[in-house]
Amino acid sequence: MLIRTLVLLLALLAPLACQAPPRQPLAIALQCASGDCPLLKGAPQTAGMRSGFVRLQSGATVGWHTTGKHEEALVILHGQGEALIDGQAKHSFVAPALAYIPPETRHNVLNTGKDALEYVYVVAPAAAQ
C-alpha cells in the first residue's frame with residue numbers, strides 16, 4: 001500500500017518537476033571593470049545560451065579553448081583582431097564584425113590592434129544533426 005501511494009504521488013508530481021520556470025526578458029549593461037564579464041549564465045536564466053562581454057588589451061588573447069558541443073558567435077564591437085582556429089588559417093576582423101565558431105572547435109581570440117578589442121560572445125547548444 002505504501003509503495004502504491006508513493007508511485008501515485010510521484011506520478012502526480014512528475015509533471016511539476018519537469019516544468020522549467022518561465023524565462024523573463026532582461027536587459028544588461030555592457031560595462032564591466034574586468035576583462036571578461038559573464039552576462040547570461042545559462043539555465044535557469046536561459047534555455048542553455050550563455051553570453052559575456054570581453055575586453056582584451058593590445059596583444060592579449062583569451063587563451064585556447066573549446067565550447068564543446070556548443071556553437072559560438074563573437075560580436076565584435078570595437079577594435080581588431082584574429083579568430084585563431086586550430087589547424088586552420090587565421091580569420092582577421094575589424095569592428096563591427098561577427099565571427100562564428102562551430103561546435104567542437106579549439107580556438108583563441110587575439111587582439112592585433114593598438115586599442116582594446118571589445119566583443120560579446122554568445123554560446124548556445126548546437127542543434128542535433
How large is ³J(HN,Hα), in whole Hz, for each residue of the range 41-51 in order, when computed from phi with the Karplus curve 6.51 cos²θ - 1.76 cosθ + 1.60 and θ = phi - 60°, using x for Gly and Pro? 10, x, 4, x, 5, 10, 7, x, 7, 10, 8
Near the amide H of residue 97, under 5 Å away, which other amide H atoms are found, from residues 5 or more places off or on another chain, if H is placed in the peptide plane? 76
Rounding to the nearest 20 debye, state how big the charge dipole of the range 29-125 is about its Cα centre with +1 on each Lys and Arg Cβ and -1 on each Asp and Glu Cβ. 120 debye
Which Cα, out of 43, 75, 60, lies furthest along the positive dipole direction of the range 35-95 (beta carbon charges, K/R +1, D/E -1)? 43
If you take every residue apart from residue 56 with its C-beta less than 13 Å away from the C-beta of residue 56, what net charge results, scoring Lys and Arg +1 and Asp and Glu -1? -2
For the range 84-99, what does the Karplus curve 6.51 cos²θ - 1.76 cosθ + 1.60, with θ = phi - 60°, yield as ³J(HN,Hα) per residue in whole Hz, taken in order and with x for Gly and Pro? 9, 10, 3, x, 10, 5, 5, 10, 7, 8, 9, 4, x, 7, 9, 10
Express the Stokes-Einstein translational diffusion coefficient of the range 29-125 in µm² s⁻¹, to the nearest whole number, given a Kirkwood radius over alpha-carbon pairs, 4 °C and a viscosity of 1.567 mPa s. 96 µm²/s
Read phi for every residue in the range 70-83 and hand back ³J(HN,Hα) as whole Hz from Karplus 6.51 cos²θ - 1.76 cosθ + 1.60, θ = phi - 60°, with x for Gly and Pro. 9, 9, 9, 10, 10, 9, 7, 9, 8, x, 9, x, 9, 8
Could you name the lysines whose alpha carbon sits less than 22 Å from that of residue 41, not counting residues in the same chain fewer than 8 places away? 69
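Since every read-out is calculated from the coordinates, none of them should be taken as a lab result. In this text, all values refer to a predicted model and were calculated from it rather than measured experimentally. We place every Cβ from the backbone using ideal geometry, glycine too, and count neighbours over all the protein chains shown.
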